[in-house]
Amino acid sequence: MRLIDYFQKGLARGADRPAFLDDYVTLTYGEVDQMARGLASALHASGFSDGARMAVFSPNDPRAFACIIGIFYAGGVWIPCNARNTVAVNAHFLGMTGCEVLFFHGSLAREAAELQAATPSLRLLVCIDGDGGGSAVSLGDFLGRGDGTLPEVPDDPDRIATIFPTGGTTGLSKGAPWTHRTWEALISAYWHCLPSAKPPIHLVAGPMTHAAGGLALMMMPGGATNVVLPRADPLAIMQAIERHRITHLYLPPTVLYMMLAHPEVRSYDYSSLKYFVVAAAPVAPEKFREAMEVFGPVMCQSFGQAEAPMFLTFLSTEDLLAAEADPRLYASCGRPTLNVRVEIMDEDGNILPPGQRGEIVAKGTLVFPGYFGNPEATAAASAHGWHHTGDVGYRDEQGFIYIVDRKKDMIVTGGFNVFSAEVEQVLLSHPAVRDCAVIGVPDAKWGEAIKAVIELKPQAQVDPQELITLVKRELGGVHAPKSVDIWDELPRSGNGKVLKREIRDTFWSGRERAV
């Protein structure tokens, strides 16, 4: 199956059915189809060859989704470009993937122009909601370049359909290509885990470049209506569930926690909800229990990553309802899904029995084919013939997987991945800093909050807020530490390496999980 075939299945359920809508724009399946076909024809007429990489740079917007469908009609490769990233971070990823076309929202015109200047491979900029200025062309004018001719997209399961960044908002992201085979496994896993006889009404609250956008594409064959919010505001989400009778919703744990803490959380009608999926980071078991009470028996959880997207494992509502007999299940991320094998492996490549801790590894059609243009990283992540997730966990006797730590030096904060080395490099650029360690510490709102532990140069002084501002300016707000501690001396090994584990243990001691 080609990815565009799934959209056409949704179209066949009714061209007049709303596909994407917000407070300003409603696009039916028929209107999306017409717009996407016109866009694909214009791309074809403009000489962009089959397989060209094309990015959509926009806040959540129905027209941005239509552009993604157009890329699939053209046989192109969608490159997600997060509007929350800095220009430098996005330019790095667009350049690494060789992106040639950028569809952008008018509110990001200045950033789009900067991306064009910083990315030599970008040859075409199209503004989806205005003229864009500069060398950009408006979407209306661009559609006029087509003559109705569409390229024939081969039905090849190993063709790349999308390339996702592995680090979410990190400038050193690797590219994780998803082939049509990957998407087929993902969509199959989705409908197996979350079956629905009626077309879903899905709330897109998180960034469309991440899981919320991916889920919208997974729901295409069911004729889903996607209600698009500009951002994940807790009150707006609660209001939208009641107003639009939302049936399907995904959120990272941090937004779930914000909703549970909101004074009006129990003031709205959530009876339409069928599935409330929590993913992107482990969920605090006590918060999961509270969510089942507030939102009803609709909570579920999935575990995945860019290299094996979204549904490596799944913890269903039925599993949670059975948790009264086994409360540990609230700490589980579920059991392996239909098209993947998940095991626990030791450092020597041995599969471990239930109860023993090791790295979570996987294989199957859901696992990506390897990092884009990076065979060395692919080989490292594929040792012993399995994909290595970088997460440490164990399996119980019933096959449920539990994540207990993170092997990779990465922090998951608010559903976004931040690699500490990047933040450390910025902090080390400050003249007062001798050495530093950046870690994730437990936080009720963010899941993990970024903390910088600093060792200053002799006689040096610095205002912690100055360091936070430095990181925010260089890397963006997601990377900025929420707190800075200054220690007289950082713990080190015999060869002088900072012992980050010792620092981390200071803040995680007494907890069962270290993520």
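Each reported figure results from applying straightforward, stated rules to the coordinates on display, with no laboratory input. A quick note: this is a predicted structure, and the numbers were derived from the prediction, not measured. Because the Cβ atoms are built from the backbone with ideal geometry, glycine has one as well, and the counts that use them run over all protein chains shown.
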Can you tell which of Pro199, Pro336, Phe400 lies farthest toward the positive end of the dipole of the chain, using +1 and -1 charges on the Cβ of basic and acidic side chains (Lys, Arg; Asp, Glu)?
Pro199
What ranking do Tyr73, Tyr270 get, fewest neighbouring Cβ atoms within 10 angstrom at the top?
Tyr270, Tyr73
Give me the percent of DSSP beta bridges within the chain that run antiparallel, rounded to the nearest 5.
55
Among the listed pairs Lys9/Lys363; Lys287/Lys445; Lys174/Lys500; Lys287/Lys451, those beyond 20 Å (Cα-Cα)
Lys9/Lys363; Lys174/Lys500; Lys287/Lys451
Scale the Cα Rg of the chain by the rule-of-thumb value 2.2 N^0.38 Å and send over the ratio, two decimals.
0.97
Going by how many other Cβ atoms sit within 10 Å of their own, how do Phe507, Phe48, Phe72 line up, fewest first?
Phe507, Phe48, Phe72
Among His244, His210, His388, which comes first, second and so on when ranked by fewest other beta-carbon atoms within 10 Å?
His244, His388, His210
Counting DSSP beta bridges with both partners in the stretch 410-508, what percentage is antiparallel, nearest 5?
75
Using alpha carbon centers only, the stretch 223-299 is separated from the stretch 319-341 by a whole-angstrom value of 20
For the stretch 410-508, size of Cβ-based charge dipole, Lys and Arg +1, Asp and Glu -1, in debye
160
Suppose a student asked you for the relative contact order of the chain, using Cα pairs under 8 Å spaced at least 6 residues apart; what percent would you report?
11
Cβ-defined net charge surrounding Pro199, 10 Å radius [Lys, Arg +1; Asp, Glu -1]
+3
Among Ile411, His430, Ala460, which residue has its Cα positioned farthest towards the positive end of the charge dipole of the stretch 410-508, with +1 placed on the Cβ of Lys and Arg, -1 on the Cβ of Asp and Glu, and the dipole taken about the Cα centre?
Ile411
Expected 222 nm ellipticity per residue - DSSP helices of 4 or more, -39500 (n - 2.57), all of the chain, to 500:
-9000 deg cm²/dmol
Can you tell me, using C-alpha contacts under 8 Å and at least 6 residues apart, the relative contact order of the stretch 410-508 as a whole percent?
26
Loop-located GluC sites (Glu not before Pro) in the stretch 240-335 whose Cβ has at most 16 other Cβ within 10 Å (DSSP)
Glu264
Charge dipole (debye, nearest 20) of the stretch 3-178; +1 at Cβ of Lys and Arg, -1 at Cβ of Asp and Glu
360
Can you give the three extents of the C-alpha atoms in the stretch 410-508 along their principal axes, from longest to shortest, in whole Å?
36, 29, 19
